[in-house]
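What follows is one structure encoded as structure tokens, with my remarks underneath.
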Amino acid sequence: MTKVLKNYVGGAWIASDSAATTPVVNPATCETLAQVPEGTRSDVDKAVAAAKAAFNDWRSTPVMSRAQYMYRLKTLLEEHFEEFAKMVVEENGKTRDEARGEVRRGIENVDYATHVPSLIRGYKLEDVSSGIDETAERQPLGVFAAITPFNFPFMVPLWFLPMAITTGNTFVVKPSPQTPISMDLLFHVLEELDLPEGVVNLVHGGKEASMAVMEHPDVRGVSFVGSTPVAKIVYETCAKHGKRVQAQGGAKNYIAVMPDANMAASVANIMGSAFGGAGQRCLAGSVVVAVGDAYEPLKAELIKRASGLRVGYGLEETSQMGTVISGAARARIEKMIADGLTEGAQIALDGRGVKVDGFEQGSFVGPTILDGVEPDMNIAREEVFGPVLSIMRVPDFDAAVEVINRSHYGNAASIFTSSGKFAREFKYRVQAGNIGINVGVAAATASFPFGGQKDSFFGDLHGQGPDSIDFFTDRKIVIERWL
């Protein structure tokens with residue numbers, strides 16, 4: 001019988017109040033890995049109540065002691081490293097190397113949380129007036145929560161959980177019902193830390209559970225990563241209910257390639273950007289803007305490299321690209337390709353209908369390249385979230401910047417060039433929160449905020465880095481005089 005996942009609430013594994021479940025399916029083998037409950041408002045109520053009850057004791061725990069839990073957590077995650085990577089492959093469809101990279105990035109965020117004792121300090125000024133001193137003290141706020149996506153089931157929750165609890169808050173995670181098992185494994189590891197009951201909590205579910213998190217009066221702030229339409233709902237709902245919110249939305253990331261770029265090195269980087277994770281990354285390069293004479297050699301090299309990528313099951317070490325998340329996602333992606341051709345794009349490399357020996361029913365879409373794409377085409381404007389790369393041709397650098405800035409998204413943009421002038425102009429003028437200079441995936445490390453602008457981010461403070469300290473704490477101003 002397939003395992004039914006449980007919630008982790010108040011230091012104990014408990015069954016959901018809902019009898020309804022959804023299968024968690026390996027997108028390559030079509031095997032059902034587990035059943036995830038369709039969580040209810042009462043499930044969320046229990047988790048938030050446990051977190052609220054734990055808050056006062058936890059916030060008064062010395063910050064150095066809270067940080068020690070992160071040192072121990074990092075050690076445990078290293079011990080279970082391959083187990084986590086394997087599960088990411090099985091429930092998400094990535095290759096093993098991609099999954100290992102995700103787990104490593106998650107651990108980096110745990111490592112960053114060990115620095116909270118030095119990052120959370122306030123500041124003081126003596127004699128702001130005669131005999132009066134003024135201090136700004138950082139304090140945690142209470143219960144925070146994260147609603148996380150399917151595409152990075154291990155890493156994204158760790159953008160938030162380690163910093164939230166090390167700064168003194170308590171936490172609730174609501175993972176994607178498509179990929180919930182990575183968090184189930186993580187919470188079994190967290191259980192080994194012997195954290196006080198209620199400091200960390202896990203609730204499964206879909207829309208009902210998500211709305212309950214956003215509307216709950218005892219949740220002080222919500223972190224979200226997902227599509228732009230949902231991010232807007234999260235932002236509006238949380239704001240309506242007086243919460244702090246950081247909502248990372250979708251993307252349409254452009255990559256400009258100048259004629260002076262090192263073409264072989266540039267295309268090698270673009271391959272990972274466009275087709276890594278089967279294109280299901282918010283930092284995936286989606287449109288290559290070929291500037292002037294870069295077009296012909298760039299197109300030829302892209303087709304050559306992409307056609308040689310080995311598509312297969314992620315647990316096989318020779319696979320260079322895995323599956324998309326589901327059959328429904330495959331159908332949606334293939335429809336967007338067909339619609340792009342109807343709009344006037346030309347197929348340069350067709351990844352539709354790819355079959356992998358032994359995994360014929362798997363949700364595979366091969367690397368796809370569309371040529372002749374114009375800025376007003378839907379395929380150039382909207383997120384595909386699959387291994388589809390569009391080629392757009394422009395005459396010069398200014399035209400490339402104009403095309404990029406026309407996008408209503410602003411998650412990431414990259415340029416490949418050997419010119420310092422063009423590199424500086426690009427990062428100065430392009431309206432995107434993550435900029436790559438000769439880098440295809442402009443992914444912020446744990447000590448820097450993960451950027452995003454326009455319809456790619458809703459909020460004021462981003463995930464990761466110093467922004468996370470500001471998000472998970474408030475400054476209390478103390479003005480004192482002793483007579």
- Message: Quick test of your reading of the structure: Asp194 fulfils all but one of (1) touching a residue at least 12 places away in the same chain (Cβ under 8 Å); (2) part of a loop (DSSP other than H, G, I, E, B). Name the failing condition by number.
- Response: (1)
- Scan of region 417-453 for residues that are buried (at least 19 other Cβ atoms within 10 Å of the Cβ), part of a strand (DSSP E or B) and touching a Phe, Trp or Tyr at 6+ places or on another chain (Cβ under 8 Å), ordered by number: Asn434
- Message: Residues to consider are Lys86, Lys46, Lys74; find the one that is at pLDDT 95 or above, closer than 16 Å to Leu193 by Cβ and not assigned by TED's automatic domain parsing to the domain that holds Met321.
- Response: Lys74
- Scan region 309-333 residue by residue and report those that are assigned to a helix (DSSP H, G or I) and either within 28 Å of Ala256 (Cα to Cα) or among the aliphatic types (A, V, I, L, M) (or both). Ala328, Ala329, Arg330, Ala331, Arg332, Ile333
- Message: Going through Asp357, Asp376 one at a time, which residue ends up being under 21 Å from Gln453 (Cα atoms), surrounded by fewer than 23 Cβ atoms within 10 Å (Cβ to Cβ) and without any contact (Cβ under 8 Å) to a residue 60 or more places away in the chain?
- Response: Asp376
- Task: Give the residues of region 116-155 that are under 30 Å from Ala209 (Cβ atoms) and in a loop (DSSP other than H, G, I, E, B), sorted by residue number.
- Result: Leu141, Gly142, Thr148, Pro149, Phe150, Asn151, Phe152, Pro153, Phe154
- Could you grab me the full set of residues in region 17-38 that are small (Gly, Ala, Ser) and not in a loop (DSSP other than H, G, I, E, B)? Ala34
- Considering (1) over 26 Å from the mean Cα position of the chain (by Cα); (2) more than 27 Å from Leu193 (Cα to Cα), say which one Ile14 fails and leave the rest. (2)
- Query: For region 322-346, what are the residues that are of a type in the set (Val, Ile, Thr) and either surrounded by 14 or more Cβ atoms within 10 Å (Cβ to Cβ) or on the phi > 0 side of the Ramachandran plot (or both)?
  - Reply: Thr323, Val324, Ile325, Ile333, Ile337
- Task: Tell me, yes or no, whether region 1-17 has at least one residue that is modelled with pLDDT under 95 and of a type in the set (A, V, I, L, M).
- Result: yes
- Those residues that are within 16 Å of the chain's Cα centre (by Cα) and either crowded, with 24+ Cβ neighbours inside 10 Å or of a type in the set (A, V, I, L, M) (or both), I need them from region 164-190; list them, please. Val173, Lys174, Pro175, Ser176, Thr179, Pro180, Ser182, Met183
- Task: Could you tell me whether Val401 is buried (at least 20 other Cβ atoms within 10 Å of the Cβ), in a loop (DSSP other than H, G, I, E, B) and either assigned by TED's automatic domain parsing to the domain that holds Val291 or free of Cβ contacts under 8 Å to residues at least 60 places away in the same chain (or both)?
- Result: no
- Message: Any residue that is over 23 Å from the mean Cα position of the chain (by Cα), more than 27 Å from Ile325 (Cβ to Cβ) and either in a loop (DSSP other than H, G, I, E, B) or among the polar types (S, T, N, Q) (or both) - is there at least one of those in region 359-370?
- Response: no
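The values are calculated or read from the model by the stated rules, or taken from the named source; none is laboratory data. Please read these numbers as outputs of a predicted model, since none were measured by experiment. All Cβ positions, even for glycine, are placed from backbone atoms using ideal geometry, and neighbour counts span all protein chains on display.
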